[in-house]
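The values are calculated or read from the model by the stated rules, or taken from the named source; none is laboratory data. Everything numeric here is computed off the predicted structure, so don't read it as measured data. For neighbour counting, all protein chains shown are included, and Cβ atoms are generated from backbone atoms with ideal geometry for every residue, glycine included. Remember, those area values only see protein heavy atoms, side chains included, never the ligands or the DNA or RNA. Shrake-Rupley method; radii C 1.70, N 1.55, O 1.52, S 1.80 Å.
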Amino acid sequence: MQGCAHQAVERPAPPVVAIEVKDTPPADLLTCPVAPAGFPKDAQAEIPPAVRAVVIDIAKALASTRDQLVRLVRWHSPGACEDAG
């Protein structure tokens, strides 16, 4: 019965192939973003609540997008945008 037994066949491991991919984005996409200036501290305005809510949403979206861009630039070029917060 030994002849009928399933015998394990050792197969060599497939070769490992590593290809270095260098896909650097254009330089203008790796520029640290400049934070916009805020509203003047001595200015006053009456903004209707609906408009104020939209201004706040736009400011939050801008801040989130700016933070995301800073993280991307830093991921590609560690140490970049140190003054960006």
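Beta carbons closer than 7 Å, at least 6 apart along the sequence or on distinct chains, pair a first residue in region 15-34 that is free of Cβ contacts under 8 Å to residues at least 60 places away in the same chain with a second that is open to solvent by less than 100 Å² (accessible area, probe 1.4 Å) and among the small types (Gly, Ala, Ser) for LEU30/SER77; CYS32/ALA80; CYS32/ALA84; PRO33/ALA84.
Looking only at region 41-67, how many residues end up being part of a loop (DSSP other than H, G, I, E, B) and either open to solvent by 80 Å² or more (accessible area, probe 1.4 Å) or touching a helix residue (DSSP H, G or I) at 6+ places or on another chain (Cβ under 8 Å) (or both)? Adding up the residues that qualify gives 6.
You will find that of THR24, THR65, the residue that is at pLDDT 90 or above and hydroxyl-bearing (Ser, Thr, Tyr) is THR65 and no other. Filter region 47-74 down to residues that are within 14 Å of the chain's Cα centre (by Cα) and among the β-branched types (Val, Ile, Thr), then give me how many there are. Total meeting the criteria: 3.
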